[in-house]
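Down below is the structure, laid out as structure tokens.
The values are calculated or read from the model by the stated rules, or taken from the named source; none is laboratory data. This structure is a prediction, so every number in the text was calculated from the model and none was measured. Here Cβ is always computed from backbone atoms with ideal geometry, including for glycine, and neighbour counts include all displayed protein chains.
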Amino acid sequence: MSRVLARKAPSTFHTLPLFVEANAESLSYQSLGRPLNFTQMLERRRPIEVADAEHFAAELANLGVSVRVTLGWQGRDYWVLVRQRREDRGDVVLKLISGYVPAHELNLPLLTAIHEVAEECLLETPEGWLSGRFGDTWLPAPYQSVQRYRESVHFRLSPLSGSARQVRCGNLALLERPRAYVHLPTASLQLVYDLRLELPKEVRHLSLLHVDERLEEDQLVARLDRRHPDLYLIPLEQGRPTAELFTLKNGKLKTASTRGLWLAESFAPQDGWLVRDERIRWKDWVAQQNLPPTGRKGPVKRLAERARKLFRMA
């Protein structure tokens, strides 16, 4: 059974529509018009058309952020994905940790991004949940009134290499250089930050959990359902994803099924500054990335895994 961790009124959220200009080298955005509440924003997220993928000016409904978190766990790196039922699009996908940027953070979307990590990606140990830091900034502990957070240890977020193309809010360059795309089906601008999550050495029996926030009777309700942790890991080999999917509970990885799986639009092909698809099938993404299919482990791989286990035991 799910547990309610927080409730808030959607009326407290306001964002701003955008005016976006793009060319082959850079993209800039600025606020346009009056603030929108949550319902008004959703009403404006309607399909638009853009003729030139590299050079255009457009009015958009909102700014969103996503975070491609790379988690280091027992000598291997993983991308962290969230399972989400998207009510506004009528589908279920695995997506990056993401959220809408409120009006007061439009010129500092990184702050929204790291707050989304704190709210959506829960790191549980037998001694309590882990809080986190980004540089000198402590991430919020949004559920500390109902859950115990550890005081002595915490995880760290740090930026990875950014996009080659510049993104600006007005005349202000975003120094972390997030990847940017305009999502045509929802008339939104999305910024994707690459961050690394480092765990403290003391952590052994880690579980990954996702808190799902939904609109229920005019309230945004954050729920935790331990039967469905809804956080998934894609292993990386030399920085590239593999065609595997896992969950992590009590320090143990468990293979997750990819049958009939869909990924959100951030995994779909990008043409210039544009993404045209709502989602992409897992098998199509695997083919697009030219990833080798998973199969039986060869003797070299089995030997390497056995060596890693013996090293950890030592």
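Among residues of region 71-122 being buried (at least 19 other Cβ atoms within 10 Å of the Cβ) and of a type in the set (Val, Ile, Thr), the one that is nearest to Ala187 (Cα to Cα) is Val101.
Of the candidates Gly162, Gly170, Gly132, the single residue that is of a type outside the set (A, V, I, L, M, F, W, C) and free of Cβ contacts under 8 Å to residues at least 60 places away in the same chain is Gly162. Among the residues of region 160-187, the ones that are touching a Leu at 6+ places or on another chain (Cβ under 6 Å) and either more than 16 Å from Asp271 (Cβ to Cβ) or small (Gly, Ala, Ser) (or both) come to 5 in all. At pLDDT below 95 and under 14 Å from the mean Cα position of the chain (by Cα): is that true of Val192 in this structure? It is false that Val192 is at pLDDT below 95 and under 14 Å from the mean Cα position of the chain (by Cα).
Applying a threshold of 6 Å to beta carbon distances and a minimum spacing of six or more residues, or different chains, the list of pairs starting in region 207-233 at a residue that is on the phi > 0 side of the Ramachandran plot and ending at one that is surrounded by 21 or more Cβ atoms within 10 Å (Cβ to Cβ) and in a strand (DSSP E or B) reads Asp230/His210. Inspection of region 270-283 identifies at least one residue that is within 29 Å of Gly75 (Cα to Cα), part of a helix (DSSP H, G or I) and over 18 Å from the mean Cα position of the chain (by Cα). Take Val192 and tell me if it is among the hydrophobic types (A, V, I, L, M, F, W, C) and part of a loop (DSSP other than H, G, I, E, B). No; evaluated as a whole, the condition is false for this residue. The residue of region 52-83 that is farthest from Arg165 (Cα to Cα), among those that are at pLDDT below 95 and assigned to a loop (DSSP other than H, G, I, E, B), is Gln74. Selection of region 137-157 for residues being of a type outside the set (Val, Ile, Thr) and either in a loop (DSSP other than H, G, I, E, B) or closer than 14 Å to Val211 by Cα (or both) yields Leu139, Pro140, Ala141, Pro142, Tyr143, Gln144, Ser145, Gln147, Arg148. Do we have any residue at all in region 81-94 that's over 17 Å from Ile280 (Cα atoms) and of a type in the set (S, T, N, Q)? Checked against the condition, which is being over 17 Å from Ile280 (Cα atoms) and of a type in the set (S, T, N, Q), region 81-94 yields no hits at all. Return a yes/no flag: does region 11-29 have any residue that is at pLDDT below 95, part of a strand (DSSP E or B) and polar (S, T, N, Q). Checked region 11-29: no residue is at pLDDT below 95, part of a strand (DSSP E or B) and polar (S, T, N, Q).
Pull up region 194-224, narrow it to residues that are among the charged types (D, E, K, R) and in contact with a Leu (Cβ under 9 Å, 6 or more places away or on another chain), then point me to the one that is nearest to Tyr143 (Cα to Cα). Looking at the filtered set, the residue picked out is Arg223. Taking the listed residues Val50, Val20, Val80, the one that is among the β-branched types (Val, Ile, Thr), over 20 Å from the mean Cα position of the chain (by Cα) and more than 27 Å from His104 (Cα to Cα) is Val50, with no other qualifying. Residue pairs whose Cβ atoms lie under 8 Å apart, sitting 6 or more positions apart in sequence or on different chains, and linking a residue in region 256-270 that is in contact (Cβ under 8 Å) with a residue 12 or more places away in the chain and charged (D, E, K, R) to a partner that is surrounded by fewer than 17 Cβ atoms within 10 Å (Cβ to Cβ) and part of a loop (DSSP other than H, G, I, E, B), are Glu265/Asp277.
Considering region 34-62, and only residues there that are among the β-branched types (Val, Ile, Thr) and closer than 24 Å to His14 by Cβ, the residue that is surrounded by the most Cβ atoms within 10 Å (Cβ to Cβ) turns out to be Ile48.
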